[in-house]
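Beneath this line is the structure, given in structure tokens, with notes to follow.
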Amino acid sequence: MGVVRDPLRGRVRPEPEHTDEQIVAAMTPIRPARWAVLTGAGISTDSGIPDYRGPGSPARAPMTVQTFLSHPAQRARYWARGWIGWKRMTAVHPNAGHRALARIAPLGIITQNVDGLHQAAGSEPVIDLHGRLDRVICLDCGTVIDRDRVQEELDALNPGFLDTLGAAPETLETAPDGDVELEETAHFRVLDCPRCGGVLKPDVVYFGESVPRPRVDAAFALLGSASGLVVLGSSLAVHSGLRFVRAAVREELPVVIVTDGPTRADELPVQRSVSRVADFLRTWEDALGRAI
Ligand SMILES: [Zn+2]
């Protein structure tokens, strides 16, 4: 696996100029339904999904799509880890942050997360920029299969696999993409497309892949009809999210970024909070309650 350069290296957490109360006081003249929201891993950490770019996280090289496609052993490793990770993902629920955001009901949410938790909390519309972990796609014929069905097939193909691990699956670390840290994967049998025998891949955007154009267009359309942008729990380390902040700044929209570490947009004219996302949303919701 290649070296992944850390775009945040050398950056430091900024000192916010304003408190959350001051930031939301400046936000409330624009009603919630005029704000676009961009979310990252930091909003899902309270649901037990770690943010592998957040402060204190171990360096971790994500699998690229090239590795996935060209190395059957790596593919087996991915699916073995994903098979165990999915058992946990199905037990993950929206947290106070997701629920508060659903009540605030912004214009729409663009999310870099693949966990489906905004929809589970009742938010809409949600644009899943990087796809959804609960869907699997055939790279050859394009068939989309429900992840639960793939899980059943993998269960049937790999009886007794858990016993070979030597560790209980719940002791293994889960990563944001539903993956777990696990090396004993050589014997895991992967599932091929039931329709054409092609390669199945989770319907998520991997490193080295582009976000599908229609999804990018939908996100820009959402931003285009918004009066401001709030970024929650993203370090904006990848271009796929950063471009929306740049576009909002270009259009001179107010931009608020809430995350507890540095971001790639900290030099831009944005308002910064380093609070926990759920705490910031509670402050915003309280201010809206007072404003009504
Ligand atoms: Zn197929």
Number of the condition not met by VAL211 [criteria: (1) within 16 Å of the ligand (Cβ to nearest atom); (2) within 16 Å of the chain's Cα centre (by Cα)]: (1)
Hits in the range 140-168 - residues which are loosely packed, with under 14 Cβ neighbours inside 10 Å, within 13 Å of the ligand (Cβ to nearest atom) and either touching a residue at least 24 places away in the same chain (Cβ under 8 Å) or not assigned by TED's automatic domain parsing to the domain that holds ARG81 (or both): CYS141, VAL144
Condition check for GLU285: part of a loop (DSSP other than H, G, I, E, B) and modelled with pLDDT of 95 or more: no
Complete set of residues in the range 109-129 that are farther than 18 Å from VAL277 by Cβ and either modelled with pLDDT under 95 or touching a helix residue (DSSP H, G or I) at 6+ places or on another chain (Cβ under 7 Å) (or both): ILE127
Residue check for PRO202: at pLDDT below 95, part of a strand (DSSP E or B) and either within 16 Å of the ligand (Cβ to nearest atom) or more than 21 Å from the chain's Cα centre (by Cα) (or both): yes
Inter-residue pairs, beta-carbon under 9 Å, first touching a residue at least 40 places away in the same chain (Cβ under 8 Å) and in the range 188-204, second among the hydroxyl-bearing types (Ser, Thr, Tyr) and near the ligand (Cβ under 8 Å from one of its atoms), 6+ apart: CYS193/THR143; PRO194/THR143; ARG195/THR143; CYS196/THR143; GLY198/THR143; LEU200/THR143
Only one of ALA237, ALA247, ALA186 that is assigned to a loop (DSSP other than H, G, I, E, B), more than 16 Å from the ligand (Cβ to nearest atom) and either touching a Leu at 6+ places or on another chain (Cβ under 7 Å) or aromatic (Phe, Trp, Tyr) (or both): ALA237
Pair list, Cβ < 7 Å and 6+ apart or interchain, from the range 81-96 residues that are over 14 Å from ASN113 (Cβ atoms) to residues that are of a type in the set (D, E, K, R) and modelled with pLDDT of 85 or more: TRP86/ARG147; ALA96/ASP46
Among (1) more than 26 Å from GLY48 (Cβ to Cβ); (2) modelled with pLDDT of 95 or more, the one test that GLY160 misses: (2)
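The values are calculated or read from the model by the stated rules, or taken from the named source; none is laboratory data. No experiment lies behind these values; they were computed from the predicted model shown. As a convention, Cβ positions derive from the backbone with ideal geometry for all residues, glycine included, and neighbour counts pool all protein chains shown.
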